[in-house]
Amino acid sequence: MVTKTIFRKIAKLHEELELKINEVYDEDDMLKVAEKSLLLIDDSIRKLKSLVSAHHFENKGEEIHFFKKLKPKFISKFIYYSTVLDLESHKPNAGKNALKQYYETAQEKLKNFYTEQSDFYSYYRREATYLDHKIFVRNSYDLKMKLSLGFYNFDTSFTTSHDQLISKFLANERIDQYLKKQIDSLSENNGNQNSSGLVWSASKVGLIELVYALYHMRCFNGGNVELSEVIRFVEKSLGTNLGNFHKTIFEIRNRKQGPTKFLNIVSDNLAQHFQQTEGE
């Protein structure tokens, strides 16, 4: 199988995984969400491994792309939901102050991790590439760099020296957001309700179409967020209930007049406005 075909299969596998996670997402019971999501993610990672383990990439660029960009999308989800499961299953049955301290302690652990991995985190944040041929290619590594203590226990057909760290960085970004959200919700004046006075007055289907388009453009958290989280944020911010948005997205995708009806209206309306106000 050629690499391009495998990459298409991986893209489809990831899209299907995100849809399945969104279907089980319920922010009021993150313990159950984590348990269900981990089962889904485990199944997807096994399929991913079967696609890649015996595959010989046609060049180093393709192999680097897989281990630096594609595989971490899956593994970071596993790390994230594993951490959420651990946090929620061990949190104390105590008052707000104790819970807040519990989540703040978890934040400190994240900070310590970034301190320990500061050199490679800098490489990651700068989007550097000069070491990629050593650290994102199988059976290739640099002993001068900090390696995981379990490095020699890894499956070399599905692992490079540093793809796990990329996954960890991606997961930690979401974990940090999760912890901040939990801490904010425990604050005395928590702003869970829409207090701006702004409400969505156009079609709800149109709003879902708009949000889904922005989501797929990776406009929220650089794409490192579940669609369900974005939907819930929009609902709270605009004082609306978008209901079964999965069903709506399916209907949008399959409607006869095309999937971008509302976006076309927005685009045409904005273009018309600029034309009418030209020269003002």
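The values are calculated or read from the model by the stated rules, or taken from the named source; none is laboratory data. Model, not experiment: these values are computed from the prediction. Because the Cβ atoms are built from the backbone with ideal geometry, glycine has one as well, and the counts that use them run over all protein chains shown. In case anyone asks, the SASA skips ligands and DNA or RNA and just uses the protein heavy atoms, side chains included. Shrake-Rupley method; radii C 1.70, N 1.55, O 1.52, S 1.80 Å.
Here are the numbers for the structure shown:
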{"read-out": "Value of relative contact order over the chain, rounded to a whole percent, pairs C-alpha under 8 Å and six or more apart", "value": "19 percent"}
{"read-out": "In Å², nearest 10: area of Y124 left accessible to a 1.4 Å probe", "value": "50 Å²"}
{"read-out": "Loop-located trypsin sites (Lys or Arg not before Pro) in the stretch 66-129, at most 12 other Cβ atoms within 10 Å (DSSP)", "value": "R126"}
{"read-out": "Accessible area of D28 in the full protein assembly, 1.4 Å probe (Å², nearest 10)", "value": "140 Å²"}
{"read-out": "Cβ-Cβ FRET estimate between Q276 and R232, R0 fixed at 30 Å, reported to 0.05", "value": "0.20"}
{"read-out": "Theoretical gain in end-to-end length, T5 to N93 [0.36 nm per residue, Cα-Cα removed]", "value": "26.7 nm"}
{"read-out": "Accessible area of Y141 in the full protein assembly, 1.4 Å probe (Å², nearest 10)", "value": "90 Å²"}
{"read-out": "Computed helical MRE - 222 nm, the chain, DSSP H runs ≥ 4 contributing -39500 (n - 2.57), nearest 500", "value": "-21000 deg cm²/dmol"}
{"read-out": "Theoretical gain in end-to-end length, S82 to E27 [0.36 nm per residue, Cα-Cα removed]", "value": "18.2 nm"}
{"read-out": "Estimated inter-spin distance, E108 and K256, nm [label 7 Å along Cα→Cβ]", "value": "6.4 nm"}
{"read-out": "Separation in nanometres of the label points that stand 7 Å from Cα toward Cβ, at K180 and T156", "value": "4.2 nm"}
{"read-out": "Sequence ranges 29-42, 159-172, 236-249, 265-278, ranked by mean other-Cβ count within 10 angstrom, highest first", "value": "159-172, 29-42, 236-249, 265-278"}
{"read-out": "Contour minus Cα-Cα distance for A213 and H133 (0.36 nm per residue)", "value": "25.4 nm"}
{"read-out": "Peptide ranges 204-216, 46-58 listed from the most packed, as the mean C-beta count within 10 angstrom indicates", "value": "204-216, 46-58"}
{"read-out": "Residues of the stretch 76-97 with amide N under 19 Å of a point placed 7 Å along Cα→Cβ from K49", "value": "76-83"}
{"read-out": "DSSP H segments from the chain that extend 20 Å or more along their own axis, Cα-based, with Kyte-Doolittle mean of 0.0 or above", "value": "30-52"}
